[in-house]
Structure formats: structure tokens, C-alpha cells
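Written out below as C-alpha cells is the structure these notes cover.
The values are calculated or read from the model by the stated rules, or taken from the named source; none is laboratory data. If you're wondering where the values come from, they're calculated on a predicted model, not measured in any experiment. Here the Cβ is made from the backbone with ideal geometry for all residues, glycine too, and neighbour counts use every protein chain on show. Note: areas computed on protein heavy atoms with side chains; ligands, DNA, RNA excluded. Shrake-Rupley method; radii C 1.70, N 1.55, O 1.52, S 1.80 Å.
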Amino acid sequence: MTIEPIGVQDTEQPDHDAEHTPPAPVQPRKKRRVTPGKVVIGALLTITTVVFIYPFIWLLSASFKPRGEVFDNKLIPDTFILDNYINVWREAPMALWLWNTILVTVLAAVTVAASSAMVAWGFAYFRFRGRNLLFGVVLATMMLPGAVTMIPVFLIWNNLGMVDTLTPLWAQNLFGSAFYIFLLRQFFLGLPRDLFDAAKIDGANNWQIFRRIAVPLCKPALIITLIFEFQAAWTDLMRPLIYLRDSDNFTVPRGLKALLDQFGFGGEWHWEIVVTASVITTVPMIILFFLAQKHFVQGIATTGTKG
Amino acid sequence: MARPALDAPAVPADERALRAKRRLRRRETRAALLFISPWIIGFFVFTAWPIIYSGYLSLTDYDVINDPNFVGLANYERLFEDDKVRLALQNTFFFTLIQVPLYVIVSLALALLLNKAGRSAGFFRTAFFLPKMTPPVAVGILLLLLFNGQSGMINQALGWFGVDGPAWTTDPTWVKPGLILMSLWSVGASVIILLAALRNVPQELYDSARVDGANWWQQTWRITVPMISGALFFIFIVNTIAGFQTFTEAYTAFFGSGNTTYSNDAALFYVIYLFQQAFEFLHMGYASALAWLLFVIIMIFTAIQMVVSRRFVYYEGEQR
């Protein structure tokens, strides 16, 4: 590759302006030059994009194919049918699974955002002895592999008689989660302290300062927390595998695994059902991403640079 | 904050102020602890006690129904004799040691590419990130479908180049490479992290390098990579820890009830074996010992990476 200047951004500006100003009679003198470097980059980007998007198109297309054509690898189905979507709802309590999943994800996201914000505020605003040590413990728990606590935590829920209910899938979030505490604290620390001191002088108590001033100001970070946890709870398979027994209690991913075991391997070989259920499991996450794309990107970028 | 003896008459006033300050501080501490209390409770119930209890369980035989039966170090001795443990460790090391470097290289390549995409970067970023949104169960299923030996898309594509693709989902030699390739599909988040880091590299560095006649390759290796080494290291460590605990995709594709024909020991990763021992065979004691071994392994690897990073990673400002 040649020395491609990073000047891509520089050439962008005039172009951008040209679009918004009324059409000038004179062509802008500096036309965007097509250099070999740009062609190579464009080609590479296109190829990788096709590779990344292809599985989605394959899956979506296969979900509209009859049983015999699922594996024909054609992008446009020879015979286009909607039967698979009807059959999935007939073969599995899909509506129930979706409802269970929505319940778990909403509860998980809301509780973790509320509790983590409180804890993060406690670490960010107040000064007390042992604060840094305690926060160090918070960070250390992030490093702890989930496998170590998995069994005793299961035994706790088992003793409470809550195995095969949805509670173990979200209730732990009432106590905050280290990653989000870290994220939100970072955000709170970025807010100007004068704001809170002023409120204090005006007679606001600690709860009011938190609830009325700090929380509204940290909305971006709260949104990031909500969508991250929503995604984590929606896509989780391990905990539903551990805690859910009756298929009426399944979440969608757990149900999808059950469908795979029954229709994929179980000898029945109805892959069109598995494919269609996969689409139903995935689509809500794709929608979530398009609704909150900006926040996802922002959230991930901050965790990487501050972590 | 003792003041010099000069203003001796002020001592009582000082004392009073000090006492008031102390009271204020005590009140602040109480308020802080109130805010932090959810985490403190959660820490004791769901972290501290489980760690201790798991340590105890690892010294017992426990099947949930009957009381734990103390067996001393027998579970740990069994770890070293169990062929499946050795197999699971081999599989997991193989997967992690190959997947993590590949993952970092691919994310870096894509981030560098995206950084040059100019105005259309947003579109391509979306394309790269969407796989990360896909539930891992669905990724496991996609693996079975796309990598299918006879009719899978991957082998068909290889066929165009005259390559006779292997039986990715059944041949033990090819199961892990298939899983690794599939895992590269979800590099999206790392790409975004690296892209953010790339955008923070000061432009002047490249300008002066170009004046000195450095080419693209030299600029990348001498400026870009060192400047974003913090983010690279972050991805490296996070993925290593995740790699040792890899579970969902492999479990979906190769294990589970009714899946005896397809179950494949080449995909028996450590956490899958731990999960089976704990929740399928109800060997809670033995599974706890397995968990502790995993914990020690992850700690050792993280410590090694930390030490190595101190030599190679550049943090802006270097305040630490």
C-alpha cells in the first residue's frame, strides 16, 4: 500500500459543505481523487462487510424456505413460504418464551441500573475512610470468574425454592454489578462538584441531590447500562440452563436450545424450525441495536479507553 | 492538621471545629455506606460467602439431595487423574491460545480499515457490530449450518477455489478451528474500542513521521500500535479471561440433551465439563474443585499478562 495520508477527514469537510450550499454554477475545483489506495480500502471494506452480513441474510432467507431447501444456500428462496413462522408458534410456546424473556430482561436492566447508580454515587460523591480500598474490592470482583460462585449461588436459590422460576435470572441485579458501578462512577466523577454543593447549600438532602440532580445528569450512562444489561439478559443461555426446568418457564435462548435438541439433532431433522426460531431470537437484538446504536458505540468505546 | 503553637489561645476553638468536622465526616461516611449498602449486601451474599462455601464444597462429596460428605483433598487428587479434565484443559488452552491473538489481529485490521473509511465509516461499523448483537445460542446454530461438511456455505465457498473443505462440525481435528473462525465473527465490540483509540492518536505524530519518510507500514508499527497499546492490551486480557470460560456457542452446537450423536469431545471446553459435572451429574463437590482450578489458572495468566504489559504498554500521561 502507498502512503495514504490520513487526510481523509480533511477532504471531507469541503465536500460536505458543497452538498448543503445551493448548487454553484462552478464545479468545486478539488474533486475527490480516486487513488489506488482508496480503491483497495473500498474493496476490502466491501468484502469484509459481505462476510459479516452474509450469515444474517442466509438465516433470514432460510427461514422462508420449505424443509427440503433450507441447505440449498440460495439467497432468494426458490419457494417462498411463511409456514415456518406459523409452525414454530405451533411447535413451541413461543409467545410464552418471549414474554418470559421480556420480563427477565426488563427487570434485570431496570434493577441493575437503579442499584448500580446508587452504589456508584456512594463511591463518587462521598469522602470516607477506606473508600479506595472498598472500590478496589468492587473492581476485583470483576476479575472473579463466574464459575467459582456459580455453584453456591445455585444452592442459595435452591434453598429458597426458586429454582425453575425466573427470579434467579435477574434478582441478583438488585445489588448492583461491578462493571456498571465502575462505568457510572466514572461518569459521576466527570460532573462538576459545585453543582451538588450549591444544592446542598439550598438545603437539599443527600437523597435529593442524588435523585434530582445526579441521576438526571447521568442519563447517557444510565441508558448505556440499561441497553448493555438488556442485551446481556436477553442473550444469556447459561443461567436459564441452570435454573429453568419446565419448558413453560424458558426464555427464548433456552427455548431455542431445546428446539435445536429436538428438531436439529433429535432425529427429527426439521432444521427449518430451528432456523426460524433463531431469527425470532435474534431480531429483537438487531432492533435494539438500531434504536440505540449511538449509545452502544459510545458505551463500548468508553469501557475500552477507561478500563 | 495540627497548627503551630503560635496561636495557642485559639486551641479550644480549633478543638471545637475539629470535633464538628469529625461529626460531619461521620455523617458523610454513614450516608456513603447507605448508598453503597446494596453492593455490600450483594458482595457478602453472592460473592464472599459463595467463595468460602465453594472452597468448603470442593472438599466434600455433595449431590444436593444428601448432606455434604467431607472427603478431604480427594476431589483435587481426582482432578489430576481424570482424563476428561486433561482433555478439557487441552481443548481450552488450544482454543484460547489461538483464538485470542487472531481476535486481536482481526479487530486491529478491521479498525485500521474502518479508520480510513471516511464518511461511510458509520455504515461499515454497523455491519461489523451486528454479529456481536446475535445471541450466542444463535451463533452456535449458525456454526452448525454454515460450517456443515456437506452442504454448508463455507465449504461451498471453498469449493469455488477448488478447496475440498473438511467436515468442520464432526471431524475432531476441525471442530475447534471451526469454533475459532466462528468466534471471529463477533469481533465488533473490539473493533469499536480500537477505533476509538485510533482516533485519539495525535495527527502530528503521523505528520512528522511522513516528513521523515516513514511509509504506511512503518507508521502503523512505530506509531499506531504503540499509541493504542493500552486498548490492545485491554482486549487481550478481557478475551483471554473469556476464552478460558468459553461455553455457550460450543455447548449449543455440540452438547445438550438428546444430542448424543453429535456430541463431540473435541469441543469439550473446561466450563462445559464443569457445567456437566455440577448440573447434569450433580457432582457439586468435584465441580467446585474444578472451579477452583480454573480460578487459579485464570489468575496466573492474568498476572503474567499484567507483568508483560508493564514492559510494553504505553499509557498516555503515564500517571500510574
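In table form, for the structure just shown:
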| item | result |
| --- | --- |
| Net charge dipole size for chain A [Lys, Arg +1 and Asp, Glu -1 on Cβ; Debye, nearest 20] | 1200 |
| With at most 16 other Cβ atoms within 10 Å, longest stretch of chain A clear of loop trypsin sites (Lys or Arg not before Pro) (DSSP) | A:130-244 |
| Shape call, the protein assembly as shown: gyration tensor on alpha carbons, a/c limit 1.5 | oblate |
| Buried solvent-accessible surface, both chains (A, B), 1.4 Å probe, Å² to nearest 100 | 8700 |
| Most positive-pole-ward Cα, A:ASN84, A:LEU184, A:PRO253, against dipole of the protein assembly as shown from beta carbon charges | A:LEU184 |
| Under 5 Å, built H, 5+ apart or other chain: amide partners of B:THR60 | B:VAL71 |
| Inter-part distance where segment A:228-259 and segment B:217-254 are each reduced to a Cα centre, Å | 27 |
| In sequence order, calculated HN-Hα J values of segment A:64-76 (Karplus, 6.51, -1.76, 1.60; Hz; x Gly/Pro) | 9, 9, x, 3, x, 10, 3, 9, 7, 6, 8, 6, 10 |
| Where the protein assembly as shown is the region considered: accessible area per residue in Å², 1.4 Å probe | 49 |
| Range of Cα positions in segment B:1-147 per principal axis (Å), largest first | 86, 65, 28 |
| Dimensionless Rg ratio for segment B:5-57, taking C-alpha atoms and the 2.2 N^0.38 Å reference | 2.10 |
| Filter on A:LYS219/A:LYS294; A:LYS38/B:LYS116; A:LYS257/B:LYS84; A:LYS219/B:LYS116 - keep pairs with C-alpha separation over 20 Å | A:LYS257/B:LYS84; A:LYS219/B:LYS116 |
| Shape parameters for chain B, alpha-carbon atoms, Rg then Dmax in Å | 27.1, 97 |
| Global form of segment B:29-111, assessed from the alpha-carbon gyration tensor, a/c cut-off 1.5 | oblate |
| Lys, Arg +1 and Asp, Glu -1 on Cβ, resulting dipole of chain B about Cα centre, debye, nearest 20 | 1760 |
| Nearest-0.05 FRET efficiency for B:ASP63 and A:ARG90, computed from C-beta distance (R0 35 Å) | 0.35 |
| Spacing of the two label points (7 Å from each Cα toward its C-beta) at B:GLN305 and A:LEU133, in nm | 2.9 |
| Protein accessible area in segment A:35-81, 1.4 Å probe - carbon and sulfur % | 80 |
| FRET efficiency estimate (nearest 0.05) - Cβ-Cβ, B:LEU97 to A:PHE290, R0 30 angstrom | 0.25 |
